[in-house]
Amino acid sequence: MEMIYHYIWHHRMLGRRFTTGDGAEVEVLFPGRHNNDAGPDFADARIRIDGREWIGNVEIHVKASDWRHHGHDSDPAYDNVILHVVAVDDATVSRRDGTRIPQVAVTLPEEFYKIYAGLAADIREVKCAGMISTLPAIVREDWLESLAAERIHFKASRLLEYNSLNGGDWEQSVFTLFARALGFGLNGVPFEILAKNTPLRILYHHSDNLLQLEAILFGQAGMLDGSSHIFDDYYQQLCAEYGFLARKYSLRPMNPSLWKYARTRPGNFPHRRIALLAAAIHAGARFSSGMLEARGDYDRLIRLMDWDVGGYWLEHSEFGTPADPSRHLGSLSASSRNLLIINVAAPFYMAYASMSGNFDAGELAFDLLRSMAPERNAKIRSWADCGLPAPDALRSQALLHLRDEYCDKGKCLQCRFGHHLLRSRACPAINGLSDPTLNSMRYCHAPA
């Protein structure tokens, strides 16, 4: 039942305007990004309540009382919920500090459930999966080439946006992009926040002292609390170092509840990724200059991103928790380094081309991805089942972009596949009628 409400909220099928139980007027400006991991159901929503705009999370339940039954009233991850959407309004809900959360109750007609029942089984599938094989090869190839370029430019634009916000500090901007990529999707946003809140010049100033680098990064990540019950010499050293350095540089930590651990293997916990970030800087990493010198050469880029963690992090996945000694926790896997090249190096070359006017650098991005093996994940496998295999990383990036930005967002009318299928199947009048007077029609009308 709750999944139905997730679906209709995501696609705005409930409408945009509501009234809370207290009589407040609610307008949904953006429903948020659906969160499939731990935490509130929708993140980064924009809601206007009685004329005042709020940005935060939305939580959805069948019954309002589920808020307490699920323990959200004592969970810091839910302190930023700005709207509670329910089917049954049987309780009021509050944050940990006691402040009330605006709540709206919505009901659906029985007919909706009947229609939904026929779609729910395939709600996550590509709707045109069974028809893709009927598309002409030139349509498939042309659209996938465009999608690959769109995805590279999309990622490059993020780096250019960082650079604009940083006042042209290119190294800080590339560092932020690298940190985000090191989050590997699940923790991408928290890593981005960490990098934005940690001046790279400070890290470079302490690059000869690994303990201080780790103290700054773990402290800025909100993971150090000297009053916690972690009686570990290394942890207490970090707390002491960060206390001194935070006062010296006026540093402020981020909210630690942003870090996610659901469905994550211990070797991929954010603690180890942060330790790797510190190890990279300690090893003298210069992210932008190193990639420029590599000039898109895959082997040189792999070596550039080949850093190891040592000491404490060879034996721990988080503070105070020993790791399985049979696991090799010292460095990134080859597949992880490939992802860093895809998500950092390729966008970097495209952004650099845009900034410098050296468009040969932009071609490096395409050539690099063509030389790399494709990503291996469920989305790529599902496209292969539809008749769209990925021979290289350029194609897999195109397919991921198609799924993320078109299929999952319901943009069939903006997709060339969808447009071609609609034109060829729903509007046969434009595909060669026998009556020459009708052949001049280049459109068709929807039924009144």
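Quick note: the coordinates plus some simple rules give every number you see, no bench work behind them. Here the structure is a predicted model, which means the values were calculated and not measured. Positions of Cβ are backbone-derived with ideal geometry, glycine not excepted, and every protein chain shown enters the neighbour counts.
Here the chain has an Rg and Dmax of 25.1, 86 Å, counting Cα atoms alone.
Using all pairs of distinct alpha-carbon atoms, the Kirkwood hydrodynamic radius of the stretch 186-274 works out to 13.5 angstrom. Cα extents for the stretch 2-122 along the principal axes, largest to smallest and rounded to whole angstrom: 43, 30, 26. Measuring gaps between exposed loop sites in the chain (GluC sites (Glu not before Pro); DSSP loop; at most 14 other Cβ atoms within 10 Å), the longest gap, sites not included, is 126-314. Relative contact order of the chain, taken over Cα pairs closer than 8 Å and 6 or more residues apart, is 12 percent.
In the stretch 166-332, the inverse of the mean reciprocal separation of distinct Cα atoms equals 16.3 Å; this is its Kirkwood hydrodynamic radius. Footprinting exposure proxy ranking of THR264, THR198, THR19, THR176, fewest other C-beta atoms within 10 angstrom first, gives THR19, THR264, THR198, THR176. Beta-bridge orientation, the chain: approximately 70 percent antiparallel, per DSSP, counting only bridges with both partners inside. Computed from point charges on the beta carbon alone (+1 for Lys and Arg, -1 for Asp and Glu), the dipole magnitude for the chain about its Cα centre is near 760 Debye. Residue by residue, the stretch 54-71 carries 3J(HN,Hα) couplings of 10, 10, x, 9, 10, 10, 10, 9, 5, 10, 4, 5, 5, 3, 6, 4, 8, x Hz when phi is fed to the Karplus relation 6.51 cos²θ - 1.76 cosθ + 1.60 (θ = phi - 60°); x denotes Gly or Pro.
Is there a pair in LYS127/LYS155; LYS379/LYS411; LYS260/LYS379; LYS63/LYS409 whose C-alpha atoms are over 20 Å apart, and which pairs would that be? Over 20 Å apart, Cα to Cα: LYS127/LYS155; LYS260/LYS379; LYS63/LYS409. Report the net charge of residues surrounding LEU210, where surrounding means a beta-carbon distance below 13 angstrom and charges are Lys +1, Arg +1, Asp -1, Glu -1. Neighbour charge sum, excluding LEU210 itself: -4. Under conditions of 37 °C and 0.692 mPa s, the stretch 274-432 yields 176 µm² s⁻¹ as its translational diffusion coefficient, taking Rh as the Kirkwood radius over Cα pairs in the Stokes-Einstein equation.
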